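What follows is a set of notes on a single structure, which appears directly below.
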Amino acid sequence: MIANRVHAIVAAGLENPELLARWKQEPELLRAYGVDPAAFDLDAIWKFAGLSAKVKHNGLRFDLPLTFRFLSVNGLEIDIFGAYAAHKARAGTRYAPTTEGRIVEFVDFLRNWLDFDKREHELLWDLVRHESALAQLRNRTPSLGKCRVPHIVGEIILHEMTCDPRVLGKLLRQKTVDPGRVQRDVVYLGYWNPGDPEEICILELNELGYHLLSLVDGKRSLADFKAISKKLISAFDELASVGVISK
Amino acid sequence: MKYVTANSGAVAVGLAFGPIVPEFVTANPGLIDYVEIPFEQLRHSPDTGSIQETVPVILHCASMSVAGFVPPDDGTMKGIEREAERTKTPWIGEHLAFITAEPIQDDHTQPTALTYTVCPQMSEETVERVATNLASLQKRFNVPLILENSPQYFDVPGSTLSMVDFVSAVIERCQVGLLLDLTHFVISMLNTKKDPVSEIDRLPLEKVVEVHISGLSVQSGIAWDDHAIPAPPVVFDLFERVIARVRPKAVTLEYNWSPQFPESTLLRHLDRVHKIVRN
């Protein structure tokens, strides 16, 4: 098989993993390029595209160190970045030019790609949201303008987690990691920048506090909140009246 | 500016440039002899070249597509020439690989340009191509080009030579120095189910100018290059085996992908390399 043809096909597949998927479904397409489709290990080339995508995201390791460590110790890097490279090729878009943009895009991809029936995927989702929230707040200084309605002082990012990512982070810093030791528990966290990136803190919230904060959008007025409160009491009364709950 | 001095017979020990290197070099003066920087990094972030005020630089490169069929553009070549002169690198390490390829459709005029080098088809045809490319490329530099063995992640169609036979044929045909990346070598052996110990003895080790050491990981059934984790014991075992036979001019630890690479591990591995080359 002529070397330059082989190189051309491998390079085209690496640059656009969508082609690899197409060739896998229709091997005869490759024959049109004068090569034997059976000679190409398309799965391995797809995985190599994953390695290349992973290396292109080394810049994210500053902000997402534990996420990358989790991917490494669980052997997920190649599969995830392979899928990500294919996803970008399908969408016909390039990786964002800035680290901040790449983090946002990567988290968006994971949101849709991860299989939340798998515990390690759940843990990864907790970890990447934890680290990306902190990175996002570190890189922004929120405006502290006055507002006539209830509003967050500074900026807050709310996440409902399936574990405490700080505990998971501690385990990942150890030499050996057993994700099975991470207790499954719903944890509500608020990542808060009160106006100075040096003062970012993580608030542990109860469920009510979490949902209340999620309603504080800088648009709802105090009157709106009173109305919500009334509706809540009224809902209790209605449920009690039909006997679903007792007061 | 600091420059690599004439070879005194000692094996120089260095680090591949990465996020932890500037701070490490400042905190540990004299511990390493040089930093290896890719041309592509100097081109993208010229500021990184300022490390040469502290430590000498050896130039590395991934742009010349030595084993490919699409030559690098003249602007790229002039850039490499400039950096070779500026850094006064003793040699330029380039991958025995391709990074650009012809388009698959004849109606496309632009070649496919990748950002990561790829193991070429390992055949007599490619050996001849490397010889032609290298003869043309070498003329542009006052220092030798040396070639780095690629990691083999999959069977490249049309290959008629094993990795060892291909590298040996290129070295013999081109009379060029070898940059022996031991991790790439182990990866290739794992992925082609060959014994690294017996295979390394078949390489033309007397042509080794520089050695690379880095980590590797096995994921999805394939061994991969990984500069974010430490080299496994097998890589150091092979390194000892190589050093027992030959004295390369330089050994580079490539721990350059992660800003969190543990300094204690880096110090330990540098110490291990120093001990092996001094024995």
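Where a number appears in this text, it was derived from the coordinates with a stated rule and is not lab data. Keep in mind that this is a model prediction, so the values were computed, not measured. In this analysis, Cβ positions are derived from the backbone assuming ideal geometry, glycine residues included, and neighbour counts consider all displayed protein chains.
For the range A:109-133, give me the residue count where each residue is surrounded by 19 or more Cβ atoms within 10 Å (Cβ to Cβ) and over 12 Å from the mean Cα position of the chain (by Cα).
So the answer is 0.
Output the number of the condition that A:V6 fails; it satisfies all remaining conditions of (1) touching a residue at least 60 places away in the same chain (Cβ under 8 Å); (2) facing another protein chain (nearest Cβ under 7 Å); (3) β-branched (V, I, T).
(1)
Starting from residues that are under 27 Å from A:L171 (Cβ atoms), away from chain B (no Cβ under 14 Å) and in contact (Cβ under 8 Å) with a residue 24 or more places away in the chain, keep the ones in the range A:88-108 and report whichever is surrounded by the fewest Cβ atoms within 10 Å (Cβ to Cβ).
A:V104
I'd like to check something: does the range A:179-197 contain any residue that is touching a helix residue (DSSP H, G or I) at 6+ places or on another chain (Cβ under 6 Å) and polar (S, T, N, Q)?
yes
Of all residues in the range A:140-198, which are farther than 30 Å from B:P262 by Cα and of a type in the set (V, I, T)?
A:T141, A:V149, A:I152, A:V153, A:I156, A:I157, A:V186, A:V187
Among the residues in the range B:263-277, are any crowded, with 16+ Cβ neighbours inside 10 Å and closer than 21 Å to A:R173 by Cα?
The answer is yes, given that some residue of the range B:263-277 is crowded, with 16+ Cβ neighbours inside 10 Å and closer than 21 Å to A:R173 by Cα.
Do any residues in the range B:175-186 that are in contact (Cβ under 8 Å) with a residue 12 or more places away in the chain have Cβ atoms under 7 Å from those of residues that are surrounded by 23 or more Cβ atoms within 10 Å (Cβ to Cβ) and assigned to a loop (DSSP other than H, G, I, E, B), where the two are at least six apart or on different chains, and which pairs are they?
Pairs found: B:L180/B:N149; B:D181/B:N149; B:T183/B:S214; B:T183/B:A231; B:H184/B:N149; B:H184/B:S150; B:H184/B:P151; B:F185/B:N149.
In the range A:136-149, what residues are touching a residue at least 60 places away in the same chain (Cβ under 8 Å) and surrounded by 17 or more Cβ atoms within 10 Å (Cβ to Cβ)?
Scanning the range A:136-149 gives a single hit, A:L137.
Identify, please: which residue in the range A:77-87 is within 9 Å of chain B (Cβ to nearest Cβ) and crowded, with 19+ Cβ neighbours inside 10 Å and is, among those, nearest to A:L123 (Cα to Cα)? Please lay out each step first, then the result.
So in the range A:77-87, the residues within 9 Å of chain B (Cβ to nearest Cβ) come out as A:77-79, A:82.
Remaining after also requiring crowded, with 19+ Cβ neighbours inside 10 Å: A:77-78, A:82.
Details: A:E77: 15, A:I78: 18, A:G82: 20 Å.
It comes out as A:E77.
Can you tell me which residue in the range B:127-143 is nearest to B:F185 (Cα to Cα), limited to those that are without any contact (Cβ under 8 Å) to a residue 60 or more places away in the chain and in contact with a Phe, Trp or Tyr (Cβ under 8 Å, 6 or more places away or on another chain)? It would help to see each step written out before you state the result.
The first filter runs over the range B:127-143 and keeps only residues without any contact (Cβ under 8 Å) to a residue 60 or more places away in the chain, leaving B:127-128, B:131-132, B:135, B:138-139, B:142-143.
From what's left, in contact with a Phe, Trp or Tyr (Cβ under 8 Å, 6 or more places away or on another chain): B:127, B:143.
Working: B:V127: 18, B:V143: 25 Å.
So the residue we want is B:V127.
Out of the range A:196-240, which residues are of a type in the set (F, W, Y) and under 18 Å from A:R148 (Cα atoms)?
The answer is A:F225, and nothing else.
When the residues of the range A:64-76 are filtered to those that are under 17 Å from the mean Cα position of the chain (by Cα) and part of a helix (DSSP H, G or I), which remaining residue is nearest to the other protein chains (Cβ to nearest Cβ)?
A:P65
Yes/no per residue for (1) part of a strand (DSSP E or B); (2) among the small types (G, A, S); (3) closer than 22 Å to B:M77 by Cα:
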{"site": "B:L15", "(1), (2), (3)": "yes, no, no"}
{"site": "B:P22", "(1), (2), (3)": "no, no, no"}
{"site": "B:V25", "(1), (2), (3)": "no, no, no"}
{"site": "B:D47", "(1), (2), (3)": "no, no, yes"}
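Counting only residues that are of a type in the set (D, E, K, R) and in contact with a strand residue (DSSP E or B) (Cβ under 9 Å, 6 or more places away or on another chain), how many does the range A:13-53 have?
Taking the range A:13-53 as the starting set, the residues that turn out to be of a type in the set (D, E, K, R) are A:15, A:18, A:22, A:24, A:26, A:28, A:31, A:36, A:41, A:43, A:47.
This time we only want the ones that are in contact with a strand residue (DSSP E or B) (Cβ under 9 Å, 6 or more places away or on another chain), so: A:15, A:47.
Looking only at that region, the number is 2.
Any residue at all in the range A:162-185 that is in contact with a strand residue (DSSP E or B) (Cβ under 7 Å, 6 or more places away or on another chain), free of Cβ contacts under 8 Å to residues at least 40 places away in the same chain, charged (D, E, K, R) and part of a loop (DSSP other than H, G, I, E, B)?
Looking through the range A:162-185, at least one residue is in contact with a strand residue (DSSP E or B) (Cβ under 7 Å, 6 or more places away or on another chain), free of Cβ contacts under 8 Å to residues at least 40 places away in the same chain, charged (D, E, K, R) and part of a loop (DSSP other than H, G, I, E, B).
In the range A:14-32, which residues are within 12 Å of chain B (Cβ to nearest Cβ), touching a helix residue (DSSP H, G or I) at 6+ places or on another chain (Cβ under 6 Å) and either aromatic (F, W, Y) or over 17 Å from B:G158 (Cα atoms) (or both)?
Scanning the range A:14-32 gives A:L14, A:N16, A:L19, A:L20, A:W23, A:L29.
Among the numbered criteria (1) over 21 Å from A:P179 (Cβ atoms); (2) facing chain B (nearest Cβ under 7 Å); (3) under 20 Å from the mean Cα position of the chain (by Cα); (4) crowded, with 16+ Cβ neighbours inside 10 Å, which single criterion is violated by A:R61?
(1)
Of everything in the range A:33-58 that's under 22 Å from the mean Cα position of the chain (by Cα) and at the interface with another protein chain (Cβ under 7 Å from one of its Cβ atoms), which residue is farthest from B:I20 (Cα to Cα)?
That would be A:K47.
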